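The values are calculated or read from the model by the stated rules, or taken from the named source; none is laboratory data. What you are looking at is a predicted structure, and each value in this text was computed from that prediction instead of being measured. With ideal geometry, Cβ positions are generated from the backbone for all residues, glycine too; neighbour counts draw on all protein chains shown.
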Amino acid sequence: MPKLLDTIKNPADLKKLTPAELERLAAELRQEIITTVTANGGHLASNLGVVELTIAIHRIFNSPKDKIIWDVGHQSYPHKLLTGRNKQFKTLRQYGGISGFTSREESKHDPFGAGHASTSISAALGMATARDLAKDKYNVVAVIGDGAITAGMAYEALNHAGHLDKPLIVILNDNGMSISPTVGAIARTMNKVRLDRRVQTAERRSKKIITSLPFGKSAWYWGREVVERIKSFFMPTPIWEALGFTYVGPVDGHNIQQIESVLKQVKEQSHKPTLVHVITTKGKGLSEAEENAVYFHGVSAKNSGKSKAPTYSEIFAQTMIILARKEPKLVVITPAMPEGNCLNEMAIKYPNRVFDVGICEQHAVTFAAGLATQGYLPVVAIYSTFLQRAFDQIIHDVCLQNLPVVFAIDRGGIVGDDGKTHQGTFDISYLTLIPNMIVASPKDENELQHLLYTATKAKRPMAVRYPRSHGLGVEMDTVLHEIPIGKGEILRDGKDVAILTLGSSVAPSLEAADILAKEGIKATVVNARFAKPLDKKLITNLAGRIKNFVTVEENVLSGGFGSGVNKLIQEFSKKGVVINNIAIPDEFVEHGAQSILRAKYGIDAKGIARQVRKFLKTKN
């Protein structure tokens, strides 16, 4: 039997389908998502949970004229399949293929690109305002998850939307999850609505009351406002109306006809901000994903392989347990990423010392600052890409007051398949420009544990940046020791060129030195360890005997480690020293396997050797 999905060239084709065909299409969408994500990796549970919702949205609204904004964008796979990207879908998250998130460059049906949470309502309100200023007519719909709506930015947008009172539809996809279970008072409030038995009977009682009235059956279908008021007698009133929104729901997010009925009424009757509360099951249709939505949130590619060495994230978490045992005032803070940061074991051992604050990166940093003022030792465990969101808090609340907050920055450098929004290629640049901040990056997993220990002893702000990968499999020391702040080490000595590097670029730089040695080029390789402060003595001494310098880093060129070395050499007036900086150019890094992207930018071993060779040849 031909696939229905193959007949859907654009969302308008959905409007022709019967209810039975819609159910069949939903099953086909789920199978296509499972097959592709199993092969390529990606976000599985979140996409399985929004299949019916996506179908209903595209049947009621007219994309791309109507603007449909998917918060985060990681749940947009069904949307992609229904908006002309079915044939490309097998290239999902592959180099040169389609993105795992929404992208304006990819399709006119993606009006706003995303990869971080809680941006949709702000963007939607901007589009609605632009529509009204231009005296145009179209609908603006923001689809946001219950995890993303816990973030402060979402409430800033809700507050402003309620004030402007413009026609705007916010669909709250409520499945009780972000990546980890949603935390916080707002989540508890929604749980009451989601799980309260009165919700299950409110619709039935409301219908009974209304349909018993004259013309009651018509009133049931058209008098939604009356329905909602009667339902409010039987269930808790959510907070959304206090923010200026008309609240509709909860609605069964897996019943296409029910969702369509509600969205049609909202579309036709709403002349003010409206929030539609939809209840879905994350991982719907795949029993394993429904039972363990956290594990199936992000799935690795089938052929990604396994390493016997632990990941850097695992080493971080193990080190935190060791340090917590010795330091009673050490606490760890994570913004909705306890699993990603491997903190489950520590949370079990020290339940009162691991804080999941939800998708609230700014709050996480200032919360840590508050703890630090009272003599506690806070460690903020966060991905590089998400720490960008708290830049002002790092400056204003931590570094300005010189508070001893440790930033354990996971996913530093090229992350890979998640693409532009998730690459951690800016952290060295934006952290090294802040006074009082120490910035370090380990060459391997053993050095990671020592740098983390050093950070807890620094008595000032310190960031330790490490990659998304398994360790190198080096032997782990059983006793932790401090590494002198700002001190690098020479790993290999040679007279022709000095390669200065740090973090995940150390291993390929050593390999590049081996390649060059076979060609008669003798290279000194320096593990700088610290991007700030730099080891002035080591670097200036090297500049006294070697005139060819190459810096290597997995960070953007502008303002990075190499820029710091350039400034240092200039400051000490080391005449005759020529420097070549190898780094990410001034661009956003696309999605693709880490190995492909490192080769593209010449920061793998072969690329480093090639660029050193070219540099020496050009100089000579």
Quiz item: Among A364, A336, A347, A369, which is farther than 30 Å from F112 by Cα, small (G, A, S) and touching a residue at least 12 places away in the same chain (Cβ under 8 Å)?
Solution: A369
Quiz item: Do we have any residue at all in region 397-407 that's surrounded by 23 or more Cβ atoms within 10 Å (Cβ to Cβ) and either under 30 Å from G602 (Cβ atoms) or at pLDDT below 95 (or both)?
Solution: yes
Quiz item: Just wondering, is there one or more residues in region 87-106 that are more than 19 Å from H591 (Cβ to Cβ) and at pLDDT 90 or above?
Solution: no
Self-check item: Given (1) buried (at least 24 other Cβ atoms within 10 Å of the Cβ); (2) at pLDDT below 95, index of the condition F355 fails
Solution: (1)
Exercise. Give me the pairs, please: first residue somewhere in region 111-124 and free of Cβ contacts under 8 Å to residues at least 40 places away in the same chain, second residue anywhere and surrounded by 23 or more Cβ atoms within 10 Å (Cβ to Cβ) and assigned to a helix (DSSP H, G or I), beta-carbon distance under 6 Å, and either six or more positions apart or on two chains.
Key: S122/A157
Self-check item: Members of region 552-589 that are of a type in the set (D, E, K, R) and either within 19 Å of L510 (Cα to Cα) or buried (at least 16 other Cβ atoms within 10 Å of the Cβ) (or both)
Solution: E553, E554, K574
Practice problem: Pick out the one residue from S573, S595 that is hydroxyl-bearing (S, T, Y) and under 24 Å from the mean Cα position of the chain (by Cα). | Solution: S595
Quiz item: Does any residue in region 134-154 that is in the same structural domain as I55 (by TED's automatic domain parsing) and surrounded by 24 or more Cβ atoms within 10 Å (Cβ to Cβ) come within less than 6 Å, Cβ to Cβ, of a residue that is aromatic (F, W, Y) and not in a loop (DSSP other than H, G, I, E, B) six or more places away or on a different chain, and which pairs are these?
Solution: V143/W70
Self-check item: Criterion violated by V415 - all others in (1) within 28 Å of H74 (Cβ to Cβ); (2) crowded, with 22+ Cβ neighbours inside 10 Å; (3) at pLDDT 95 or above satisfied
Solution: (3)
Quiz item: Mind checking whether some residue in region 465-477 is aliphatic (A, V, I, L, M) and buried (at least 17 other Cβ atoms within 10 Å of the Cβ)?
Solution: no
Practice problem: Select from region 1-30 the residues that are polar (S, T, N, Q) and either touching a helix residue (DSSP H, G or I) at 6+ places or on another chain (Cβ under 9 Å) or crowded, with 23+ Cβ neighbours inside 10 Å (or both) and list them in ascending order. | Solution: T7, N10
Practice problem: Please determine, by comparing only the residues of region 420-464 that are among the charged types (D, E, K, R) and within 21 Å of the chain's Cα centre (by Cα), which one is surrounded by the fewest Cβ atoms within 10 Å (Cβ to Cβ). | Solution: K420
Exercise. Report, by residue number, each residue of region 562-620 that is of a type in the set (A, V, I, L, M, F, W, C) and either assigned to a helix (DSSP H, G or I) or without any contact (Cβ under 8 Å) to a residue 12 or more places away in the chain (or both).
Key: V565, L568, I569, I596, L597, A599, A605, I608, A609, V612, F615, L616
Exercise. Report, ordered by the first and then the second residue, all pairs with beta carbons closer than 9 Å, sequence separation of six or more or different chains, a first member in region 70-82 that is not assigned by TED's automatic domain parsing to the domain that holds H58 and hydrophobic (A, V, I, L, M, F, W, C), and a second member that is buried (at least 24 other Cβ atoms within 10 Å of the Cβ) and assigned to a helix (DSSP H, G or I).
Key: none
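Would you list the strands (runs of 3 or more DSSP E) that sit entirely within region 441-517 and hold 1 or more residues that are under 25 Å from I322 (Cα atoms) and touching a Ser or Thr at 6+ places or on another chain (Cβ under 7 Å)? Steps first, answer last, please.
Numbers: elements: 462-465, 489-492, 497-501.
Result: 462-465.
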